[in-house]
Amino acid sequence: MSDSTARLDLDNGSVELDVYQSTVGQPGIDIRKLRATTGHVTFDPGFGNTASAHSAITYIDGAAGILLHRGYRIEEVASKSSFLEVAYLLLYGTLPNVGELLTWESEINAQTLLNEEMRSFFDAFPRRAHPMAVLSSATNAISTFYDVYRRPMREDEIDAGARTLIAKMPTIAAWAYKKSIGEPYVYPDPDLGYVENFLRMTFSNPISDEPIDPVKVKAMNMLLILHADHEMNCSTATVRGVGSSRANMFTSVAAGMGALWGPLHGGANQAVIDQLQSIHDDPDATIPGMIARAKDRNDDFRLMGFGHRVYSNYDPRARVIEKFAQEVLDSMDQADPLLDIARELEAAALADPYFAERNLYPNVDYYSGILFRALGFPLRMFTVLFTLGRLPGWIAHWMEMNLDSETKIMRPRQIYIGEAERPYPAIEDR
Ligand code: CMC
């Protein structure tokens, strides 16, 4: 609801624009009528200053380093909830009571099995296929087994689609992994919880079916929660953008996976470990050398896991993960030299004016890989794990967008800088 206006003065006159207040955080100027009334468009590459929707799911105070899901602090959510509880919170807006949680868990558990025809789908990929490519293809592929593919906008089917995706994604992720290492696919066990099931489908095989270590379950649960939503990030904006054309939820989520895979987004967790590993292995790759490269304008090298579009402070998720990584390693009686290197690199970067002036701090991807390694995951699975965590956030946004009467098909404008109209030359005259 607009309760104030802003005036914009242009050469050809001025225009009054509505201003929308938020519950907390920045208000927004409504520019929807700007082009029609003044002939101007706004210019905002990367949409760094553009709100594309009203949303009630997640709030970030980037300057203070605060992240709230439906009003609850991430630190509290991560330490007190199960991942499925957080998924429910994101999707439906409230924490479930005991009965609601039990029903939700059993509905999800009942759907973890993939259609048996999906086996041949996984078989068709080459062994070296990156699991992110397999995951997004499989997400699109399973839509063909459900009516949601044909009637994407029916409310009961939206709910059913959400449950189906959340239930089947751990099985898809585990099978993508099994395919990549040439082991037989492991079927879900209905007696196990969501996270245990995923870890068992990933790490057990017919000749080794050890019980899953509860420390690993706790760590994985927390990691999934810490990735569960982050308002209008690149992949979520992609899911919303694809969904705005009324594409079904499955294909919208698969598109979000493509966006997440990039190294500037979720792919950074893999890239961070590559950088730390090179400091460890390569005598020429030193911490001062990396800091110098990151600062060099003529080098496109970036310190991965550092910097954020929204945070100008320490990412609260990175703090939780860094502390937890040490606890998990200690409880497993393990040490990881990359954790020490990460801390040294962080200290060197934070002491450097380049990083201080630009407010560049560790983000969620900086320490998560250390924990994923401790849990036994290979590098190529890291972004898949981010995806598993982000799934409920994507779906919550897709649902919110779908119910929002203000939603319009995403279709930005441009400032054209190409040729003006000119005569078409015959081929012999070019
Ligand atoms: N290393 C070195 N310099 C950096 C870095 C970095 N990691 N990040 C930003 N900068 C510099 C950048 O060169 C620019 O300097 P100048 O003002 O002199 O031109 C300034 O800081 C502002 O950067 P920007 O690229 O305009 O900022 P952005 O908001 O467009 O980009 C970012 C945000 C996350 C893409 C960027 O910080 C980055 O590339 N970080 C490394 C990749 C990474 O860790 N991504 C994970 C993001 S968090 C989780 C997620 O979304 O998946």
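The values are calculated or read from the model by the stated rules, or taken from the named source; none is laboratory data. Worth saying up front: this structure is predicted, and the values here are computed from it rather than measured. Heads up, the Cβs are rebuilt from the backbone with ideal geometry, glycines too, and the neighbour counts pull from every protein chain shown.
Quick check on the stretch 275-296. Is at least one of its residues within 13 Å of the ligand (Cβ to nearest atom) and not in a helix (DSSP H, G or I)?
yes
Is there any pair linking a residue in the stretch 63-85 that is farther than 14 Å from residue 218 by Cα to one that is of a type in the set (Ser, Thr, Tyr) and surrounded by 22 or more Cβ atoms within 10 Å (Cβ to Cβ), with Cβ under 7 Å and at least six apart or on different chains, and which?
65/311; 68/58; 69/58
Sort through 64, 6, 53 and tell me the only one that's assigned to a loop (DSSP other than H, G, I, E, B), more than 26 Å from residue 238 (Cα to Cα) and at pLDDT 95 or above.
Working: 6 fails: assigned to a loop (DSSP other than H, G, I, E, B); 53 fails: more than 26 Å from residue 238 (Cα to Cα).
Every option except 64 fails the conditions.
Which condition number in (1) crowded, with 16+ Cβ neighbours inside 10 Å; (2) within 30 Å of residue 311 (Cα to Cα) is the one that residue 93 fails?
Result: residue 93 fails condition (1) only.
Go through 360, 385 for me and flag whichever is in contact (Cβ under 8 Å) with a residue 24 or more places away in the chain, surrounded by 15 or more Cβ atoms within 10 Å (Cβ to Cβ) and not in a helix (DSSP H, G or I).
Details: 385 fails: not in a helix (DSSP H, G or I).
None of the other options fit; the residue is 360.
For residue 254, state whether it is within 12 Å of the ligand (Cβ to nearest atom), surrounded by 22 or more Cβ atoms within 10 Å (Cβ to Cβ) and over 10 Å from the mean Cα position of the chain (by Cα).
Working: within 12 Å of the ligand (Cβ to nearest atom): no; surrounded by 22 or more Cβ atoms within 10 Å (Cβ to Cβ): yes; over 10 Å from the mean Cα position of the chain (by Cα): yes.
When the stated conditions are applied, residue 254 does not pass them.
What pairs come up if the first residue lies in the stretch 204-216 and is free of Cβ contacts under 8 Å to residues at least 24 places away in the same chain, the second is assigned to a helix (DSSP H, G or I), and their beta carbons are under 7 Å apart, counting only those six or more places apart or on different chains?
Sorted first by the residue in the stretch 204-216, then by its partner, the pairs are 212/196; 212/199; 212/200.
Scanning for something modelled with pLDDT of 95 or more, of a type in the set (Ser, Thr, Tyr), under 19 Å from residue 226 (Cβ atoms) and not in a helix (DSSP H, G or I), does the stretch 304-312 turn up at least one residue?
yes
Of all the residues that make up the stretch 204-223, how many are crowded, with 16+ Cβ neighbours inside 10 Å and either of a type in the set (Ser, Thr, Tyr) or in contact with a Lys or Arg (Cβ under 9 Å, 6 or more places away or on another chain) (or both)?
Result for the stretch 204-223: 2.
Look at residue 17 and say whether it is in a strand (DSSP E or B), over 20 Å from the mean Cα position of the chain (by Cα) and touching a residue at least 24 places away in the same chain (Cβ under 8 Å). Break it down into steps so the answer makes sense when it comes.
Values: in a strand (DSSP E or B): yes; over 20 Å from the mean Cα position of the chain (by Cα): yes; touching a residue at least 24 places away in the same chain (Cβ under 8 Å): no.
So residue 17 fails the test.
Scan the stretch 305-322 for residues that are of a type in the set (Gly, Ala, Ser) and either near the ligand (Cβ under 8 Å from one of its atoms) or crowded, with 23+ Cβ neighbours inside 10 Å (or both) and jot them down. Steps first, please.
Taking the stretch 305-322 and keeping what is of a type in the set (Gly, Ala, Ser), we get 305, 307, 312, 318.
305, 307, 318 - these are the residues of the stretch 305-322 that are of a type in the set (Gly, Ala, Ser) and either near the ligand (Cβ under 8 Å from one of its atoms) or crowded, with 23+ Cβ neighbours inside 10 Å (or both).
Read through the list (1) of a type in the set (Ser, Thr, Tyr); (2) closer than 19 Å to residue 374 by Cα; (3) touching a residue at least 12 places away in the same chain (Cβ under 8 Å), then give the number of the only condition that residue 251 fails.
Condition not satisfied by residue 251: (2).
Counting only residues that are farther than 15 Å from residue 315 by Cβ and without any contact (Cβ under 8 Å) to a residue 60 or more places away in the chain, which one in the stretch 348-357 is nearest to the ligand (Cβ to nearest atom)?
The first filter runs over the stretch 348-357 and keeps only residues farther than 15 Å from residue 315 by Cβ, leaving 348, 351-354, 356-357.
Now drop any that are not without any contact (Cβ under 8 Å) to a residue 60 or more places away in the chain, which leaves 351, 353, 356-357.
On the way: 351: 15, 353: 12, 356: 11, 357: 9 Å.
The residue in question is 357.
As an exercise: evaluate residue 333 against (1) within 16 Å of the ligand (Cβ to nearest atom); (2) modelled with pLDDT under 95 and give the number of the one condition it does not meet.
It is condition (1) that residue 333 fails.
Residues 391, 375, 345: which one is within 16 Å of the ligand (Cβ to nearest atom), surrounded by 14 or more Cβ atoms within 10 Å (Cβ to Cβ) and over 17 Å from the mean Cα position of the chain (by Cα)? It would help to see each step written out before you state the result.
Numbers: 391 fails: over 17 Å from the mean Cα position of the chain (by Cα); 375 fails: within 16 Å of the ligand (Cβ to nearest atom).
Every option except 345 fails the conditions.
In the set 10, 95, 90, which member is hydrophobic (A, V, I, L, M, F, W, C) and more than 28 Å from residue 194 (Cα to Cα)?
Working: 95 fails: more than 28 Å from residue 194 (Cα to Cα); 90 fails: more than 28 Å from residue 194 (Cα to Cα).
Going through 10, 95, 90 in turn, the sole match is 10.
Somewhere in the stretch 72-88, is a residue within 16 Å of the ligand (Cβ to nearest atom), surrounded by fewer than 17 Cβ atoms within 10 Å (Cβ to Cβ) and under 17 Å from the mean Cα position of the chain (by Cα)?
Checked against the condition, which is being within 16 Å of the ligand (Cβ to nearest atom), surrounded by fewer than 17 Cβ atoms within 10 Å (Cβ to Cβ) and under 17 Å from the mean Cα position of the chain (by Cα), the stretch 72-88 yields no hits at all.
Can you tell which of 212, 181 is β-branched (Val, Ile, Thr) and farther than 22 Å from residue 141 by Cβ? Steps first, answer last, please.
On the way: 181 fails: farther than 22 Å from residue 141 by Cβ.
That would be 212, the only listed residue that is β-branched (Val, Ile, Thr) and farther than 22 Å from residue 141 by Cβ.
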